[in-house]
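The structure appears right after this line, and notes come after that.
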Amino acid sequence: MNNNLLSWLISTGLDDQRAELYLAALSLGEASAKDLAEATKLGRTAVYDNLRVLEERGYVRTLYQGKRKVFIPLHPKELYKKFDQQKEQLKDLLPDFLSIYAEKGKAPFVQLFTGPNAAREIYEDILKSGAVEYVYFTDPQFAFQMVDRKFIEKWIARRVQKKIQSRSLRVQSKIKTGVSIFDEEEKYLRKIRSLPTYVDLKSTIYIYGNNVGVISTQKEGVAFIIYSKDMAYSLLQLFEFMWQISK
């Protein structure tokens, strides 16, 4: 039996017997409990008990051929889809897990993202965070270098649909992009003020809930999320101070 396959199946949560049973079913393609008992050297009772669990978890299914009952293993391609779907589900639920960790954990932590879609992780996290408002410091010129325009236009529509408000402090000399979806305020649930003329930025900093998202410049090509209640609170206080003295 392939030890690599066995080890991987065990790492997914199956015990030794169930992993061996699935691989035996896979090698036979279609088998009765008797066939599987012979292939794995397990007792008939143990085979039935483990097959029941494997069927509950979606690794095998039962097929009746007259009075004969046979077991069909999940096809390897379907097995791949199964775990790919679980990965996507976990990705969707990750902000909820992280928010629980951030609330209960004593130490803050950071997630780093790289690659052409790094900035998207920040935007998706804002939508999933449950925040009713997010605030940010930005230089639009650098922000637009790190995210695809079509993506951000669709993202803004999703944000408005969720009724998430935004306030932004922008570098004054580049405050206007010339595109209404980025500049219009009331329609897109946003308020914009300009930073004092002596302020310049090389990153966009988002503050939402207990999280801080940072999108760096195209030169650095990274984005990261800091899960820290204290840091988010402190940066929000700085934002509010700058908001009051901006115009």
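Read the figures in this text as sums done on the coordinates, not as results from a lab. Small disclaimer: the values here were computed from a predicted structure and weren't measured. Note: ideal-geometry Cβ built from the backbone for every residue, glycine included; neighbour counts use all protein chains shown.
Please report, in whole Å³, the volume per residue of the convex hull around the C-alpha atoms of the stretch 105-245. Show your work: numbers first, answer last.
Values: hull volume 15.0 nm³, N = 141.
Spread over its residues, the Cα hull of the stretch 105-245 gives 106 Å³ apiece.
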Rounded to the nearest 5, the percent of DSSP beta bridges in the chain running antiparallel is 70
If each K or R counts +1 and each D or E counts -1, the residues other than VAL132 whose Cβ falls under 10 Å of its Cβ total +1
Rounded to whole angstroms and listed largest first, the alpha-carbon spread of the chain along its three principal axes comes to 81, 38, 33
Among LYS187, LYS202, LYS77, the residue with the largest mean-square fluctuation in a Gaussian network model of the chain built from Cα contacts under 10 Å is LYS77
Checking rank on 190-197, 158-165, 64-71, 121-128, with mean other Cβ inside 10 Å and highest first, the result is 121-128, 190-197, 158-165, 64-71
Which of LYS82/LYS162; LYS91/LYS128; LYS128/LYS187; LYS87/LYS128 exceed 20 Å between C-alpha atoms? The answer is LYS82/LYS162; LYS128/LYS187
Percent antiparallel among DSSP beta bridges confined to the stretch 105-245, rounded to 5, stands at 65
Length gained if GLN65 through LYS247 is fully extended, taking 0.36 nm per residue and subtracting the Cα-Cα distance, is 57.8 nm
On each of the three principal axes the extent of the alpha-carbon atoms of the stretch 3-78, given in whole Å and largest first, is 36, 27, 20
